[in-house]
Amino acid sequence: MLDAGLSRRRLLAAGAALAAGFVTSGCGVAKGNSPDRLLEPLIGRSDPTVVPARMPLATQGGPDAVAAKYAGQKPQQWGMDLSGIMTGFDSPGKQFALTLDACGGPGNNDVDENLLALLQAQQVPATLFLNKRWIDANPARAAQLAANPLFELANHGTAHRPLSVTGRSAYEIKGTASAQEAVDEVWRNHERLVALTGSAPRFFRTGTAQYDEVAVSIVRDLGETPVGYSVNADFGATSAADKVRANMMNAKPGGIALAHMHRPNSGTGPGMFAAIPALKAAGFQFVKLP
């Protein structure tokens, strides 16, 4: 079992060693990366499901017991806004959550330095969903992000696969094909994040943001809250800057924006440079996922 205190001390030491200049990294469905640009937009969604609290591990047997519990179950639903997926939150005012994915894998391990510098300069908190492949490709950046109180690190899976128990695909990416594969997709990166930060991640977003309802239950039984979005800011970092800005301006109190931090040559960064000051001027307060 990981010693949380020791891990945290190591993390802070790593963060201190890197602390002089703030730089970082991010995820998506499009192609083309390099180290200094953009962000990502989100699609407005009606009637968001509010899931305020994360669930504890549902069984005493750990992840293997969760896989056994759901083995052979047949899902009836598929999508991004199923019951149990957090797509919004109760907001006491004009609060809005920015989330950035770092998808990892071939062509997806870059870092949008300009976007992260913007968040730092504007003091915009964000929840960063990091894929295990991205963390493994950028361990120093990941440690620096973990040490920065402006950000919370969340789980974006092990191999960036849609979360399914039947192998269902999304955007030509094959989903996990069984309860055991779904557990592995969540848990292997859960353990990676615990080793990195010294604490368990609270939130999970599957690759492509697609789930079936059995997979949603698996994530919750593993102690994490499945997260979707209410605003798709950059459509996998494929949107032009003006579209990213327009998507972000659809923000509503209690909404969650999805964008990407691993495509520095996309329109995400420039779009966010325009959208974030405009939203702040309109009275919005950016927050991490509550």
Beyond 25 Å, what share of the Cα-Cα pairs of the stretch 179-290 remains, rounded to the nearest whole percent?
34
Set of aspartates and glutamates near Lys252 by C-alpha distance (under 14 Å), chain-local residues within fewer than 8 positions excluded
Asp47, Asp90
For the stretch 74-204, evaluate the Debye formula with one uniform point scatterer on each Cα (no solvent term) and list log10 I(q)/I(0) at q = 0.12, 0.17 Å⁻¹, rounded to two decimals.
-0.51, -1.00
24 Å Cα-Cα reach of Lys174 towards lysines, excluding residues that sit fewer than 8 places from it in its own chain
Lys31, Lys69, Lys74, Lys132
Going by Cα centres, the stretch 160-219 and the stretch 237-251 are how many Å apart?
27
Spelling out what I want: for every residue of the stretch 160-170, take phi, set θ = phi - 60°, compute 6.51 cos²θ - 1.76 cosθ + 1.60 (Karplus), and round to whole Hz; glycine and proline get x.
6, 10, x, 9, 9, 10, 10, x, 5, 9, 8
Sorted by mean Cβ packing within 10 Å, highest first, what order do the peptides 87-100, 68-81 take?
87-100, 68-81
How big is the shadow of the Cα convex hull of the stretch 120-163, averaged over all directions, in nm²?
3.4
The stretch 132-212: percent of C-alpha pairs farther apart than 18 Å?
40
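Values quoted throughout were computed directly from the atomic coordinates according to the rules given, and no laboratory measurement underlies them. These figures come from a predicted structure and were not determined experimentally. So basically every Cβ, Gly included, is an ideal-geometry build from the backbone, and we count neighbours across all protein chains shown.
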